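Colleague: Below is one structure. I have some questions about it.
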Amino acid sequence: MLLAIDTSTGTSVAVVDREAGVLAEAGTADTMRHAEVVGGFIRDALAAAGVRPADLSAVAAGMGPGPFTGLRVGIAAAHAFALGTDRPFVPVVSHDAIALAWYVDGGTGRLQVVTDARRRESAVSEYDGLDADGLPVRIGGPRLAPRDAVTEVGGIRLDADRVSAGALGLLAERADATGRLPLADDEPLYLRAPDVTVSAGPKRVLG
C-alpha cells in the first residue's frame, strides 16, 4: 500500500493498495495552488482510507512532464513524506499514469497523451498498449510541441487536464509486483528550464 502524489497539472493525492485498488483520492484541477492544497489532500486521503503513515510501504510521485513551479511542489512533498516515514520514494512518469488509466478503462491501440505545458506549448507522449506486466508501452516522448501544431501519430489523442494519483499509484504497484522498479529517474521532467536562474557569481557593485 502506498501514497501517490502528482502536481504536474492540477494536484492529486491517493492511497493505493495492490489488491484493493484505490482506497481514497483527493484533488483539484487548479493549476495555481499546489503548495496550498497538497498537505490537506495528503491528510484527507489518509483519513478517508483509514490508513496511518506507518501502514504505507512507499511514496510515489509524478515526475512530470509539467511546469517547473507546480511540478516541484508534489515531488518535494513526496520526498519529505518518504523521508519522514522512512519509506522508499518511487518516481513515475505522469503521462504513463494517464495512459494506464485509459487502457484499464478499455482503451486499445495507439494513444497520444497531451497535457498543457503553458507558453502555448503542449507536453506529448505516445503509447502502444500495455505490455505483459500491464504497464504502458511508451514509444515516444515526453517532448514539447507547439500547442496548435501537435503532430498526430494515429490512434486516439487524449488531452488531459489532470493526472490521477490513483492511476499513478496503481502503476507503481504493478511495477513493484513485477520487479520493474524504478520506472523513472529521480529527476523532474520539466522539459524546459525554469524562468528564474541563479547567477553564476556575485554582481559587481560600482560605487
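Colleague: Quick one: which residue in Gly169, Gly179 is part of a loop (DSSP other than H, G, I, E, B), more than 19 Å from Thr69 (Cβ to Cβ) and either within 12 Å of the chain's Cα centre (by Cα) or modelled with pLDDT of 90 or more (or both)?
Modeller: Gly179
Colleague: Right, here's the next one. Within region 61-95, which residues are among the small types (Gly, Ala, Ser), modelled with pLDDT under 95 and in a loop (DSSP other than H, G, I, E, B)?
Modeller: Listed by number, the list holds a single entry, Gly66.
Colleague: In region 79-128, how many are within 15 Å of Gly141 (Cβ to Cβ) and without any contact (Cβ under 8 Å) to a residue 12 or more places away in the chain?
Modeller: Count: 0.
Colleague: Might you check whether a residue that is charged (D, E, K, R), at pLDDT 95 or above and in a strand (DSSP E or B) occurs anywhere in region 130-148?
Modeller: So far as region 130-148 goes, yes, one or more of its residues are charged (D, E, K, R), at pLDDT 95 or above and in a strand (DSSP E or B).
Colleague: Right, something else. Name the single residue that is nearest to Gly64 (Cα to Cα) among those in region 137-166 being without any contact (Cβ under 8 Å) to a residue 60 or more places away in the chain and in contact with a Gly (Cβ under 8 Å, 6 or more places away or on another chain).
Modeller: Val137
Colleague: Can you name the residue in region 149-160 that is in a loop (DSSP other than H, G, I, E, B) and touching a strand residue (DSSP E or B) at 6+ places or on another chain (Cβ under 6 Å) and, of all such residues, is surrounded by the most Cβ atoms within 10 Å (Cβ to Cβ)? So that I can check it myself, show each step before the final result.
Modeller: Kept after step one, since they are in a loop (DSSP other than H, G, I, E, B), are these residues of region 149-160: 149-155, 160.
Imposing the further condition that a residue be touching a strand residue (DSSP E or B) at 6+ places or on another chain (Cβ under 6 Å) reduces the set to 150, 153-155, 160.
On the way: Val150: 17, Val153: 16, Gly154: 10, Gly155: 16, Ala160: 20.
My answer is Ala160.
Colleague: Something else now. Going by the structure shown, is Val92 touching a strand residue (DSSP E or B) at 6+ places or on another chain (Cβ under 9 Å), of a type outside the set (Phe, Trp, Tyr), crowded, with 17+ Cβ neighbours inside 10 Å and more than 20 Å from Gly155 (Cβ to Cβ)?
Modeller: yes
Colleague: List every residue pair whose Cβ atoms lie under 9 Å apart, where the two residues are 6 or more positions apart in sequence or sit on different chains, the first residue falls within region 32-57 and is touching a residue at least 40 places away in the same chain (Cβ under 8 Å) and more than 18 Å from Leu83 (Cα to Cα), and the second residue, located anywhere, is part of a helix (DSSP H, G or I) and β-branched (Val, Ile, Thr).
Modeller: His34/Thr69; His34/Val73
Colleague: All but one of (1) modelled with pLDDT under 95; (2) in contact with a Phe, Trp or Tyr (Cβ under 8 Å, 6 or more places away or on another chain) hold for Gly27; which doesn't?
Modeller: Every condition holds for Gly27 apart from (1).
The values are calculated or read from the model by the stated rules, or taken from the named source; none is laboratory data. Note that the structure is a prediction, hence the values are computed from the model and not measured. Please note: Cβ atoms are built from the backbone with ideal geometry, for glycine as well, and neighbour counts cover all protein chains shown.
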